[in-house]
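One structure is given below, encoded as structure tokens.
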Amino acid sequence: MPSNDNLRATGNQGKTANGNHRVLITGTGLYTPKNAISNEALVASFNAWVAADNAANSDAIARGELTARTESSAEFIVKASGIHSRYVLDADGILDPERMRPRLPARDNDQSSVQCEMGVAAAHEALAAAGVKAEDLDLVIVACSNLERPYPAVAVELQAALSAGGYAFDMNVACSSATFGIETAANAIRSGSAKRVLMVNPEICSAHLNFRDRDSHFIFGDACTAVVLEAADVATRTDGFEVLGSRLVTRFSNAIRNNFGFLNRTAAREDGAVESADDKLFIQEGRRVFREVCPLVAELITTHLGDIDATGSDLDRMWLHQANRHMNDMIARRVLGRDPSEQEAPIILDRYANTSSAGSVIAFHLHHDDLAAGSLGVLCSFGAGYSAGSVLLKRCG
């Protein structure tokens, strides 16, 4: 496999040619909520709300003061995104036309937070796969689009729940949080400040989705992923994936946005109501995102491959961010120079929908066992910011 001096390992030693510690991904884990919502069920709820809202505003619609709302359909969702269903923490609240948001009751401060609970489940699987004990961890990173509180850090709570060693912190780079988290973990290992790192992505995307927006009510699902990274000289698993390198890029854009934050209450009206509540949830300009992000990501991957004197033809697998089937096909086509096969660029969004930063890791978790030693893959995420991350991985063995 093509390589260069900065990334090539020196024999079986634990360091690269430039003296940095080699980094391996030795385990992954996945927590999937038990509740699944099909497109048909989601559409039935949405259309019931549309009918009720149009009826309630029929006079204003007749006078031309309001535009009647348009119904959704399962066919429209599949055509627009490739999504057929999604897993969520709570389905009943989402499918209630009078509520249309999950019911996740507040927990006492002494109870485990929802994201910590998800993280524990995914972490246990990842640690078991790596053959690592939690107490041997040096660092725990929680990286996701939305954290359920500013502080104390969910990562520190997760560290305590696992009885993990070292230190912990949260980070947020929207849908790119996982790849940015992997680079942060890998850099800690390369520098020698950590030997074993757990990176976790607890995504509760259903909580920030506007289920009354026809253009986006179907996009998101919930899930949590976990990744164990280790220095090569301490890893016991011999068939993991070496992190050859990572490349990150950010470019400011308002095309994907969520304006929810602690300053919202300072801008409230005297009666306490917050203006423009819809923009405190997920909003995006879908066509603009497609037009601007696809070439950005394809160039990122292609340039990153050039760092190891490789091209798209050298790739055996692409684990791409799972937001939209058309975006993934376009990016893979630009990188490979042809249409990708289902094996080369696996899709999991058909049943998981967009799980933000967890998506590319789910694809990796479910679609890597068949790769032979020496196989080259790229784990890539992209989203709001804009932000994008590319991580080149080589199968060990």
Mean separation of Cα contacts under 8 Å, 6 or more apart, over the residue count of the range 191-293: relative contact order %: 26
Mean residue ellipticity (222 nm) of the chain, computed from DSSP H runs ≥ 4 via -39,500 (n - 2.57), nearest 500: -9500 deg cm²/dmol
Extension reserve of the M171-A128 stretch, reckoned as 0.36 nm per residue once the Cα distance is removed: 13.0 nm
Rel. contact order, % - alpha carbon contacts under 8 angstrom, at least six apart, the range 356-397: 38
P(r) tail fraction, the range 225-333 - alpha-carbon pairs more than 22 Å apart, %: 57
Cα-based reach from K394 at 25 Å (exclusive), listing lysines while leaving out same-chain residues under 8 positions away: K15, K133, K195
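Run through the range 283-367 and list the trypsin sites (Lys or Arg not before Pro) located in a DSSP loop whose Cβ has at most 16 other Cβ atoms within 10 Å.
Qualifying residues, ordered by number: R338.
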Rounded D (µm²/s) - the range 88-245, Kirkwood Rh over Cα pairs, Stokes-Einstein at 20 °C, 1.002 mPa s: 129
Trypsin sites (Lys or Arg not before Pro) restricted to the range 79-153 and DSSP loop, no more than 11 other C-beta within 10 Å: none
Extension gain from F76 to L366, taking 0.36 nm per residue of separation minus the Cα-Cα distance: 101.7 nm
Debye log10 I(q)/I(0) for the chain, one point scatterer per Cα, at q = 0.07, 0.08, 0.11, 0.15 Å⁻¹: -0.33, -0.43, -0.79, -1.38
Dipole magnitude (debye, nearest 20) for the range 183-298, charges at Cβ of Lys, Arg, Asp, Glu: 240
Label-point gap, in nm, between D110 and R333 - each point 7 angstrom along Cα→Cβ: 5.9
Whether the range 283-383 is rounded, prolate or oblate, judged on the alpha carbon gyration tensor where a/c under 1.5 counts as rounded: oblate
With eigenvalues of the C-alpha gyration tensor scaled by 5 and rooted, the range 55-105, Å: 28, 19, 7
Computed over the range 56-116: relative contact order in percent, which uses C-alpha pairs under 8 Å that are six or more apart: 14
Nearest-ten-degree value, helix 39-56 long axis tilted from longest Cα axis of the chain: 30
In the range 263-352, GluC sites (Glu not before Pro) in a DSSP loop with at most 11 other beta-carbon atoms within 10 Å: E270, E275, E342
Sulfur and carbon atoms: percent of accessible area, the range 72-151 [1.4 Å]: 47
Calculated log₁₀ intensity ratio I(q)/I(0) where the Debye formula runs over C-alpha points of the range 57-138, q = 0.11, 0.22, 0.24 Å⁻¹: -0.64, -1.10, -1.14
Net length gained if the chain between D215 and F290 were fully extended (0.36 nm per residue, minus Cα distance): 25.6 nm
Overall Cα dimensions of the range 329-397 - principal axes, largest extent first, Å: 36, 26, 22
GNM result for the chain, Cα springs below 10 Å: residue of G359, G165, G29 fluctuating most strongly: G165
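Please work out the average accessible area per residue across the chain, using the 1.4 Å probe convention, and give it in Å².
Details: 17310 Å² over 397 residues.
Spelled out: the 1.4 Å probe surface of the chain, per residue, equals 44 Å².
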Burial ranking of peptide ranges 306-315, 151-160, 202-211 (average Cβ count within 10 Å, highest at the top): 202-211, 151-160, 306-315
Selected from S390, F262, G306, residue furthest toward positive end of dipole (the chain; charges at beta carbon): G306
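The values are calculated or read from the model by the stated rules, or taken from the named source; none is laboratory data. Predicted, not measured: the structure shown is a model, and the values here were computed from it. All Cβ positions, even for glycine, are placed from backbone atoms using ideal geometry, and neighbour counts span all protein chains on display. What goes into the accessible areas is simple: the full protein's heavy atoms, side chains included, and nothing from ligands, DNA or RNA. Shrake-Rupley method; radii C 1.70, N 1.55, O 1.52, S 1.80 Å.
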